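Reviewing the structure listed below.
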2 protein chains.
Amino acid sequence: MRARVYVTLKPSVFDPQGRVVADALVTLGYQDVQDVRQGKFFEVELSATDVATAKARVTEMADKLLANPVIESYRVEVLP
Amino acid sequence: MRARVYVTLKPSVFDPQGRVVADALVTLGYQDVQDVRQGKFFEVELSATDVATAKARVTEMADKLLANPVIESYRVEVLP
């Protein structure tokens, strides 16, 4: 079973990497870009076979290792 | 209008970062983790107002700047 964890900086946290990407896009001629925020995601391959268990396990992993809950928020999605 | 670009290493490209995360999860007691692949995503805020234009613009940005088409693949999603 496959799950995805999307991790982003919380909206109140400044994202310098996204800022640089936004500036680079404007420099490249994409004047319509207003803002860019960058995040990361993890695709986790699990041996669990039911969706509820997989979601619970992966949420725990995100809390413990994949995201820093002080400055980041995350979303877990289990693929069918 | 907001669009998201998800960038991942192509399946044939070795992902050492994902490998380390998978090993760390197993060490933390998640023996059911078989594999992890890590990717990144960009949330782009655009002034374009129709979905087709936004998608075309952002796909062009992904090709030019956000992804390295030699080793990475990407997926563009425009949020309503």
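The values are calculated or read from the model by the stated rules, or taken from the named source; none is laboratory data. Values in this document were obtained by computation on a predicted structure and should not be read as measured data. Counting neighbours? That spans all protein chains shown, and the Cβs are built from the backbone with ideal geometry, glycine included. We work out accessible area using only protein heavy atoms, side chains counted, and drop any ligands, DNA or RNA first. Shrake-Rupley method; radii C 1.70, N 1.55, O 1.52, S 1.80 Å.
7 Å along Cα→Cβ for the label point: how many nanometres lie between residue A:27 and each equivalent label in the other copies, listed shortest first?
3.7
Between chain B and chain A, with a rotation axis joining them, whose C-beta in B is nearest that axis, and what is the whole-Å distance?
B:40, 2
Select from region B:1-46 those chymotrypsin sites (Phe, Trp or Tyr not before Pro) which occupy a DSSP coil region and have at most 10 other Cβ atoms within 10 Å, ordered by residue number.
Qualifying residues, ordered by number: B:14.
Lysine pairs in the protein assembly as shown 8 or more apart or on different chains: how many have alpha carbons under 26 angstrom apart?
For the protein assembly as shown, the number of qualifying lysine pairs is 21.
Sorted by accessible area (1.4 Å probe), largest first, how do A:5, B:70, A:26 line up?
Largest accessible area first, the residues go B:70, A:26, A:5.
Hey, got the dipole for region A:1-41? About the Cα centre, +1 on K and R Cβ, -1 on D and E Cβ, debye to the nearest 20?
380 debye
Placing a label point 7 Å from Cα toward Cβ, how far apart in nm is residue B:69 from its equivalents in the other copies, listed shortest first to one decimal?
4.3
Taking the label point 7 Å from Cα in the Cβ direction, how far apart in nm is residue A:45 from each other copy of itself, listed shortest first?
Computed spacing set for this position: 3.8 nm.
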